[in-house]
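Only one structure is covered here, and it is reproduced in the block below.
The values are calculated or read from the model by the stated rules, or taken from the named source; none is laboratory data. For clarity, every value in this text was computed on a predicted model and none was experimentally measured. Every residue, glycine among them, receives a Cβ derived from its backbone with ideal geometry; neighbour counts consider all protein chains shown. The accessibility values were calculated without ligands, DNA or RNA, using every heavy atom of the protein model including side chains. Shrake-Rupley method; radii C 1.70, N 1.55, O 1.52, S 1.80 Å.
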Amino acid sequence: MSPQAASTVASRQTVIPRWSTALIVMHWLMVLAILVTMSLGWIADDMPRSLAQYRMFGWHKSFGLLVLALAVLRTVVRLRASAPPGNRPGRLWERRAARVSHGLLYVCMFALPVSGWLVNSASDVPFKWFWLVPVPDIAAASPELEEIARSLHAGFLWTLLTLLAIHILAALRHQFVLRDSVLWQMLPLRGLRR
């Protein structure tokens, strides 16, 4: 390609407006923490009752509280960050659906670890966050409450999984069907151009 042609192509490219670096980092840290937490929970759930299972659940609970801490931090960062210019494509119903699904994702990011904490508290099992910091109970020991909390925890898990599937499909729709920059605005790469 000649220098003049390359210059013409470069002038047609535009820098994609992005979310703040802090919000992008928080987004991907949450993704990683949630995936690790869910994986540890499923592994522990499939293990026979043993010291190894107890330890695996200890990892699951520790990462679960990390998810809760990241959710608090992410909420603070999100409330201070404005959306990138042009981040509201689509019809009114699509924007409303996106707002509702994002709101429900935030609810699950809080409710899932809190319900897990409630399970632990109600089961009267001592717990130290990453085996270092004692975690106080948020409820008295109660087999009935433990069962209710387990059901809530499972319900929030399946709700979160459903919302994550919708979120991923919507991002892929933006990228491959609508061909807009919504997906690229949250990717952890700098200097992306359209």
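Need the failing condition index for Q53 against (1) surrounded by 15 or more Cβ atoms within 10 Å (Cβ to Cβ); (2) in a helix (DSSP H, G or I); (3) in contact (Cβ under 8 Å) with a residue 40 or more places away in the chain; (4) not small (G, A, S), just the number.
(3)
Please pick out the residue among L118, L132 that is of a type in the set (A, V, I, L, M, F, W, C) and open to solvent by 80 Å² or more (accessible area, probe 1.4 Å).
Details: L118 fails: open to solvent by 80 Å² or more (accessible area, probe 1.4 Å).
Checking each option against the conditions leaves just L132.
Please state which of the following conditions H153 fails to meet, knowing it meets all the rest: (1) assigned to a helix (DSSP H, G or I); (2) modelled with pLDDT under 95.
All conditions pass for H153, except number (2).
Considering only residues that are assigned to a strand (DSSP E or B) and without any contact (Cβ under 8 Å) to a residue 24 or more places away in the chain, which ones fall in the range 129-149?
Of the residues in the range 129-149, the ones assigned to a strand (DSSP E or B) are 129, 133-134.
Residues satisfying the conditions are V133, P134.
Going by the conditions given, is R80 at pLDDT below 95, open to solvent by 50 Å² or more (accessible area, probe 1.4 Å), within 16 Å of M26 (Cβ to Cβ) and of a type in the set (K, R)? Before the answer, list the steps.
Working: at pLDDT below 95: yes; open to solvent by 50 Å² or more (accessible area, probe 1.4 Å): yes; within 16 Å of M26 (Cβ to Cβ): yes; of a type in the set (K, R): yes.
So R80 passes the test.
Tally the residues that are of a type in the set (G, A, S) and under 10 Å from T37 (Cβ atoms), restricting the search to the range 49-76.
Here the count works out to 2.
For the range 162-186, give me each residue that is open to solvent by less than 40 Å² (accessible area, probe 1.4 Å) and under 30 Å from S115 (Cα atoms).
Listed by number, the residues that qualify are L163, A171, M186.
Is at least one residue of the range 90-103 closer than 23 Å to V25 by Cβ, open to solvent by less than 70 Å² (accessible area, probe 1.4 Å) and in contact (Cβ under 8 Å) with a residue 24 or more places away in the chain? Explain how you work it out, then say what you get.
The initial filter retains those residues of the range 90-103 that are closer than 23 Å to V25 by Cβ, namely 98-99, 101-103.
Then keep just the ones that are open to solvent by less than 70 Å² (accessible area, probe 1.4 Å); that gives 98, 101, 103.
Still in the list and also in contact (Cβ under 8 Å) with a residue 24 or more places away in the chain: 98, 101.
Scanning the range 90-103, I find at least one residue that is closer than 23 Å to V25 by Cβ, open to solvent by less than 70 Å² (accessible area, probe 1.4 Å) and in contact (Cβ under 8 Å) with a residue 24 or more places away in the chain, so the answer is yes.
Going residue by residue through the range 142-156, is there one that turns out to be more than 21 Å from the chain's Cα centre (by Cα), loosely packed, with under 13 Cβ neighbours inside 10 Å, farther than 30 Å from R55 by Cβ and not hydroxyl-bearing (S, T, Y)?
No, because not a single residue in the range 142-156 is more than 21 Å from the chain's Cα centre (by Cα), loosely packed, with under 13 Cβ neighbours inside 10 Å, farther than 30 Å from R55 by Cβ and not hydroxyl-bearing (S, T, Y).
Have a look at H60, H102 and point out the one that is part of a helix (DSSP H, G or I) and within 15 Å of the chain's Cα centre (by Cα).
Numbers: H60 fails: within 15 Å of the chain's Cα centre (by Cα).
One residue alone meets the criteria, H102.
Tell me whether the range 30-43 contains one or more residues that are closer than 16 Å to L187 by Cα, in contact (Cβ under 8 Å) with a residue 24 or more places away in the chain and part of a helix (DSSP H, G or I).
Looking for residues that are closer than 16 Å to L187 by Cα, in contact (Cβ under 8 Å) with a residue 24 or more places away in the chain and part of a helix (DSSP H, G or I), one finds at least one in the range 30-43, hence yes.
Among the listed residues V119, V177, which satisfies the condition of being in a helix (DSSP H, G or I), more than 30 Å from F57 (Cα to Cα) and among the β-branched types (V, I, T)? Show your work before the answer.
On the way: V119 fails: more than 30 Å from F57 (Cα to Cα).
After ruling out the rest, the residue left standing is V177.
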